[in-house]
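The values are calculated or read from the model by the stated rules, or taken from the named source; none is laboratory data. Computed from a predicted structure; not experimentally measured. Here Cβ is always computed from backbone atoms with ideal geometry, including for glycine, and neighbour counts include all displayed protein chains. Each accessible area value is taken on the protein alone, full model and side chains, heavy atoms only, with ligands, DNA and RNA left out. Shrake-Rupley method; radii C 1.70, N 1.55, O 1.52, S 1.80 Å.
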Amino acid sequence: MRRLGISIYPEKSSIDEIKNYLQKAREIGATRIFSCLLSVTKDPEIIKQEFTQINSYAHELGYEIFVDVAPRIFEALGISYKDLHFFKEIGADGIRLDMGFTGNEESIMTFNPYGLKVEINMSNDVSTIDTIMDYQPNQYMLCGCHNFYPHKYSGLNLEFFKECTARFKSYGLTTAAFVTTQNKEAFGPWATREGLPTLEMHRNLPLDVQVKHLIALGGIDDILISNCYPTDEELDSLKNIDLSLLNFKVDLVPNIPEVEKKIVLEELHFNRGDQSDYFLRSTQSRVKYKGHHFEIFNTPQIIHRGDVVIESSEYGHYAGELQIALKDMENSGKSNVVGHIRTEEHFLLDYVKPWQKFRFTK
């Protein structure tokens, strides 16, 4: 099951601020936490106290917690890859290795007695994960997570991202990637504040559109908000997103009839297998509402990309079929435009495969 997650940075926020954020995010369905030790410079005992207090509260809310580390952090804290009790003591459920070892160490770590998962950096298309798998790890305790990129223009390009993701998914491993808030005051573990996405193309997109894009791409199981703190409006935009399939936000026309409204907002849609260049076709509504008379009520001369169409009864057996325009085209005068997908989501139309399921939210 795909999950929504958040990130917290105890060295940059008060415990009360973090607890408040954990509560808000839990209310919209977040169940996973990324926490970072890479930028922490405090005494190990102070680190242990702060992280334990926060993680204990997070567990009460039902979160799973991963802590970002690297070999230099092991050295600074006096930790051996053979003994991970420190992470269990602070209440972590897993550790993310921003930089790894040689392969055998990671494999050994997956057999730790504390039930800690070991998460590998996914944002390099090299044979690291292949080497780890050669050392026969406990793959049920192994997973992957992409990086985030605070410097503008430094994020991954889409094709490279897909290649890296495919390498991990070929082993059946759980994967994760980051999306970024557009709150200009938001921060991450480092000083730069230019957004914190995995994909560079996400840097200036609305938060919910980034999430929808990762859903449309497939291959990513956990979607994590990277920086603190998203606005209440951004969190609210994620509240009704079904993480199992692609959601389109639609503005309905003012005079839409009740049946057409129900078709758009209440039905599970899927694209026909024989895909057209001109529109996506969801045909089950014409079966369900066979016999209903679909009046002509809004037939503009040109149907534009992103328009949602329901065919009128003037189109015979196509009556009640829902379509989404992929490009501008002339209207025959029989096709009712019932709504419009918001402009920021138009690019998502290109990711809908034959037979792929999708829904609309108002």
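Scanning the stretch 36-62 for residues that are open to solvent by less than 10 Å² (accessible area, probe 1.4 Å) and closer than 17 Å to residue 115 by Cβ turns up 55, 58. Condition first: more than 21 Å from residue 175 (Cβ to Cβ) and part of a strand (DSSP E or B). Can you find one or more residues in the stretch 68-82 that meet it? The answer is yes; a qualifying residue exists. Within the stretch 132-163, being buried (at least 24 other Cβ atoms within 10 Å of the Cβ), out of contact with any Lys or Arg (no Cβ under 9 Å at 6 or more places or on another chain) and within 18 Å of residue 223 (Cβ to Cβ) holds for 146, 148, 156, 161.
Filtering the stretch 177-202 to residues that are more than 21 Å from residue 8 (Cβ to Cβ), open to solvent by less than 20 Å² (accessible area, probe 1.4 Å) and more than 14 Å from the chain's Cα centre (by Cα) leaves nothing. Elements of the type helices (runs of 4 or more DSSP H) sitting completely within the stretch 204-301 and holding at least 3 residues that are of a type in the set (D, E, K, R), open to solvent by 40 Å² or more (accessible area, probe 1.4 Å) and at pLDDT 95 or above: these cover 232-238, 258-266. Considering the stretch 93-135, and only residues there that are out of contact with any Phe, Trp or Tyr (no Cβ under 7 Å at 6 or more places or on another chain) and of a type in the set (Gly, Ala, Ser), the residue that is nearest to residue 175 (Cα to Cα) turns out to be 123.
Across the stretch 158-176, a minimum of one residue is classified as over 16 Å from the mean Cα position of the chain (by Cα), assigned to a helix (DSSP H, G or I) and without any contact (Cβ under 8 Å) to a residue 12 or more places away in the chain. In the stretch 92-127, of all residues being β-branched (Val, Ile, Thr) and modelled with pLDDT of 95 or more, the one that is farthest from residue 196 (Cα to Cα) corresponds to 108.
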